[in-house]
Structure formats: structure tokens, C-alpha cells
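Please read the structure below before turning to the comments.
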Amino acid sequence: MSATDLVDISDPGGEPAPTADAPAKIAGRTPMQLALRRLRKDKLAIISAVFIVLLILVAIFAPVITAVIGHGPNVQFPNTGLDAFGTPVGPGKHFLFGTDELGRDVLSRVIYGARVSLAIGIGATLISLIIGMVVGIFAGFYGGPVDTFLSRFMDLLLSFPFLLLAIALVARFGPSFQLVLYLLAFFGWPAIGRLVRGQVLALKEREFVEAARSLGSNNLRIMFVDILPNLLPLAVVYSTLLVPINIVAEATLSFLGLGVQLPTASWGGMISESQNGSLYQVAWWLLVFPSIALFLVTLAFNLLGDGLRDALDPRSGRSQLGK
């Protein structure tokens, strides 16, 4: 028997050609590809992601949308937006979400309120994420006195009463968008730092870190080139869960008069306005529509965060859907 009877001579590598009895090799998938595959099977997470993207687009193009509607967020319509008794007009053809006590379009104010909530929620989360990851990496990687000092500092911030500091800062500097943003970021990063520190303590003992050291990599390269990519899944999941927390916190501060001030539209401020003189009892839409917006955004981010967590964790029960 000749060699050509055993090996396909057209194959320069000398490997047998795929036949019906010997199928071709199945291409492997990276962990990211497997995570995306599991995420696509989570319908709730996909619907939530689409909703969030659409809401972000609505917030970005709010001036265009309100121009098409013809009702600005702070434009008063005393003739058409209030009835003969000065009571807000309910939802209808001209004002889809009704009007408030000043004759302003509630729909336009809800849309502009999304800009405030998303800007503060996402902005504060990004600042918290950057600070928390840097501090957590340093604390976990160096250990010893550095870890002790940074960990005790994070514990101190986590134990400090958030609302008390907010009241003190507002009394000193006055309420503003920037103050709320930095305040939420200041109280948000220690929790991220603690999570990242714990992950780094485990990762720094892995073989790939020892290999990087043996190749002469310095500490900064090991921390931010070798270890940091392994922390990104944790950062993505926690960020989607922190955004709704910051959005609700901003709405709470605005409701209490410590956040974004009138006439700037914010969901918390609109809910607070509906309480003036129990106005919501005769104009239910002033309370219902901003509350629904706040609820849907919070729910969407939480469902997306749960979906990302399950997709990135192959041991999760929901990640096995569709298998």
C-alpha cells in the first residue's frame, strides 16, 4: 500500500481530508463569544438594552423632539394648558401627558428629565468606576500598609451618612447639577473599590501574573495590562447596577429640594411638584408619568445587569436558557 492511499497528497500538511465519516473540526469560541451567545438568549436583557438605547437617543435629541411636538419644557400655555379654573389640563390630543400647574407640557418635561437622570446616573457611575478600579487595583496588588490604609479609607466613606453630607454641602454651596454628580460619584466609588480589591487579591497569585513578572514586566504594566482586562466583566455588570442607584438617588435629592433645582426638569422635582397642595389628587398625571419613567429606567438597567451577570457567569442558572 502506497502513502497516497493513506494521506491526501493535495494537503501540504499531510493531514487526512474531511470525509463523511470524519467531519471537519468545530471552530472554538472565545469566552466573550460564549457570553454574547448566552446574552442573546436572554430576551428580558435584550429588551432592556433596546429600551435603554432608545431612551438615551430620546434624551440626546430632546430639543429636536420637543421642537416637533411644539412644546418646550419650560414654555407656559396659560390659555390652552389650564382650564377656566386654573387647573392643569389632562392628557389629550394637544398635551399627550397633560400639563402642570403652570400650563407646561408634562411630556416635554419628562423627556428633559431623562436627560438629567441619565447624565447624572451614567456620569457619576463612570467617575466612580474609574476611581474605584484604580484604588482597588492598588490596594489588592500591593497589599500590606497600602491595602490597610486604602481599605480603611473606603470603609470610612461607606459608613458615612450620605444624606447628612448632602444636606451640609447644599447648605454651604447651594443645590446644583454638578454638586449632585460629584456627590454621588464620591459615595459610589468605595463599593467598587472593595469589589475590585477582592478580585485583585485572587488574580495576583495566578500563573499569568508570575509569567509577566518573569518576562520583566513592571508593576504598573502587570496591574493595568495583565490584571485590568480580567476585571472588565465585573466592572460592566456592576456599572449597570450602579446607574439605577444613582438615578434614584438623584431623584430623591431633587424631591427633597437638594438636587437639580427648578425650572430645570427632573423626575424627582416633578414628583415633588405634584405634592404641592395635594395637586396630584386632581391632576394624577403629574405624579404618574414621572414615576413610571423612573420605574421603567430603574427596572431596565437592573434587568440588563442581571442578564450581563448571567451571561458572563457560565455557572448561572439563567445562562443555561435555550440549551
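The values are calculated or read from the model by the stated rules, or taken from the named source; none is laboratory data. In this text, all values refer to a predicted model and were calculated from it rather than measured experimentally. Ideal geometry is used to build each Cβ from the backbone, glycine not excepted, and the neighbour counts take in all protein chains shown.
Miscellaneous remarks
- Which listed residue, of E273, E250, is modelled with pLDDT of 90 or more, closer than 29 Å to T99 by Cβ and of a type in the set (D, E, K, R): E250
- Single residue of the stretch 276-286 satisfying the filter (among the aliphatic types (A, V, I, L, M) and crowded, with 19+ Cβ neighbours inside 10 Å) that is modelled with the lowest pLDDT: A283
- Looking only at residues in the stretch 206-223 that are loosely packed, with under 15 Cβ neighbours inside 10 Å and not in a helix (DSSP H, G or I), the one that is nearest to the chain's Cα centre (by Cα) is R206.
- Helices (runs of 4 or more DSSP H) enclosed by the stretch 102-205 - at least 1 residues per element that are touching a residue at least 40 places away in the same chain (Cβ under 8 Å) and more than 28 Å from R221 (Cβ to Cβ): 106-142, 162-173, 177-203
- Going through (1) small (G, A, S); (2) in contact with a Phe, Trp or Tyr (Cβ under 8 Å, 6 or more places away or on another chain); (3) exposed (fewer than 15 other Cβ atoms within 10 Å of the Cβ) one by one, G103 falls short only on (3).
- Odd one out for G143, checked against (1) modelled with pLDDT of 90 or more; (2) farther than 30 Å from M270 by Cα; (3) not acidic (D, E): (1)
- Every residue from the stretch 56-91 that is in a strand (DSSP E or B) and closer than 16 Å to W285 by Cβ: L82, P88
- Test for P78: is it surrounded by fewer than 13 Cβ atoms within 10 Å (Cβ to Cβ), within 22 Å of S266 (Cα to Cα), modelled with pLDDT under 85 and more than 20 Å from the chain's Cα centre (by Cα): yes
- Scanning the stretch 181-214 for residues that are modelled with pLDDT of 90 or more and of a type in the set (V, I, T) turns up I192, V196, V200.
Every residue, every condition in (1) under 27 Å from F85 (Cα atoms); (2) in contact (Cβ under 8 Å) with a residue 12 or more places away in the chain; (3) in a helix (DSSP H, G or I), yes or no:
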| position | (1), (2), (3) |
| --- | --- |
| A251 | no, yes, yes |
| Q261 | no, yes, no |
| T264 | yes, yes, no |
| L286 | yes, yes, yes |
| P290 | yes, yes, yes |
| L296 | no, yes, yes |
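- Considering only residues in the stretch 143-188 that are closer than 19 Å to L262 by Cβ, β-branched (V, I, T) and more than 25 Å from the chain's Cα centre (by Cα), the one that is surrounded by the most Cβ atoms within 10 Å (Cβ to Cβ) turns out to be V170.
- When G90, G81 are screened for being touching a residue at least 12 places away in the same chain (Cβ under 8 Å), small (G, A, S) and touching a strand residue (DSSP E or B) at 6+ places or on another chain (Cβ under 6 Å), only G81 passes.
- Evaluation of G259 against the conditions (1) crowded, with 23+ Cβ neighbours inside 10 Å; (2) modelled with pLDDT of 85 or more shows that the sole unmet condition is (2).
- Boolean, F208 is within 24 Å of N302 (Cα to Cα) and out of contact with any Lys or Arg (no Cβ under 9 Å at 6 or more places or on another chain): no
- Residues that are at pLDDT 55 or above and surrounded by fewer than 10 Cβ atoms within 10 Å (Cβ to Cβ) within the stretch 11-32 comprise G28, T30, listed in sequence order.
- For the condition free of Cβ contacts under 8 Å to residues at least 12 places away in the same chain, among the charged types (D, E, K, R) and surrounded by fewer than 20 Cβ atoms within 10 Å (Cβ to Cβ), K41 does not qualify.
- Check on D155, touching a strand residue (DSSP E or B) at 6+ places or on another chain (Cβ under 7 Å) and among the acidic types (D, E): no
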